[in-house]
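Enquirer: This structure is in structure tokens; I'll ask about it shortly.
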Amino acid sequence: MIFLGMKKKHLMVIDPAVEKPAIESFNRISIRAPYPTSYHLPALHGMNSIYQLNKKIRGVIILGSAASVHDDNKWQKALTTFLFEIIDKDLPIMGLCYGHQLIAHIFGGKVGPLWNGEKKQGVRDVTLTDNELWGERKKGPMIFSHQDGVTECPNKFEIIAHSNMVSVDGFRIKKKPIWGFQTHIEATKAFINDHNIPISENSGAIFKFGHKILDKFILSLV
């Protein structure tokens, strides 16, 4: 929820959706966060709301998008400029799918098709390395929907997640609180329905592992 004149530091959720906004995913983040949150749609509504609330940010989450980091749209250029501003302030950032690719791209990494350009969707097991954000090494299911991925990390990045499908399934920037996951750890039932992701399980168990990781980031900002 956006509060004009917000006095407390808030979590800024940037949704670069060009078609269907991930409102349910944002609602879950907002309910989970023990502090104010704000929601922004730069591709659909421009950057004004981001500029209005860019003074009291405690952290940023960048969600997925049907856009490519190579599209070079006006809103993408403006978003990149904004990201460099908050990166210089050492603010915590979590990039998911498109957000993950965008962070690697603007730092000089390589982003491109992983499977001859076709889009793949579903659930894959992802292995996480030991890390101060979530603790010891672990492995669990994460929802994915993408065709591009990070094929080469910049020098200052370290890979903190991998799977049989994707070698760079997650990264962090060394000495900065900046993270990226190729998977949709923010996904909800509405997300898989909107994206027609073929998932056979009806229970919420497929979301739990990803949600736990995202919640660790959200609660680390307290």
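The values are calculated or read from the model by the stated rules, or taken from the named source; none is laboratory data. In this text, all values refer to a predicted model and were calculated from it rather than measured experimentally. All Cβ positions, glycine included, derive from the backbone under ideal geometry; neighbour counts span all protein chains shown. Remember, those area values only see protein heavy atoms, side chains included, never the ligands or the DNA or RNA. Shrake-Rupley method; radii C 1.70, N 1.55, O 1.52, S 1.80 Å.
Enquirer: Hey, could you check segment 185-203 for residues that are closer than 18 Å to residue 99 by Cβ and either in a helix (DSSP H, G or I) or touching a helix residue (DSSP H, G or I) at 6+ places or on another chain (Cβ under 7 Å) (or both) and say which is most open to solvent (accessible area, probe 1.4 Å)?
Expert: 194
Enquirer: Which residues, taken from segment 163-184, are in contact with a strand residue (DSSP E or B) (Cβ under 6 Å, 6 or more places away or on another chain), surrounded by fewer than 24 Cβ atoms within 10 Å (Cβ to Cβ) and within 16 Å of residue 122 (Cα to Cα)?
Expert: 163, 165, 166
Enquirer: Related question: Can you pull out the residues in segment 124-139 that are over 17 Å from residue 197 (Cβ atoms) and surrounded by fewer than 17 Cβ atoms within 10 Å (Cβ to Cβ)?
Expert: Passing the criteria: 127, 129, 130, 132, 133, 135, 136, 137, 138, 139.
Enquirer: As an exercise: evaluate residue 154 against (1) in contact with a helix residue (DSSP H, G or I) (Cβ under 7 Å, 6 or more places away or on another chain); (2) within 19 Å of residue 102 (Cα to Cα); (3) outside any loop (DSSP other than H, G, I, E, B) and give the number of the one condition it does not meet.
Expert: Unmet condition: (3).
Enquirer: Take residue 177 and tell me if it is under 25 Å from residue 204 (Cβ atoms), out of contact with any His (no Cβ under 9 Å at 6 or more places or on another chain) and touching a residue at least 60 places away in the same chain (Cβ under 8 Å).
Expert: no
Enquirer: When you scan segment 1-120 for helices (runs of 4 or more DSSP H) that lie fully inside it, which ones turn up with 1 or more residues that are touching a His at 6+ places or on another chain (Cβ under 6 Å) and open to solvent by 10 Å² or more (accessible area, probe 1.4 Å)?
Expert: By residue number, 48-52.
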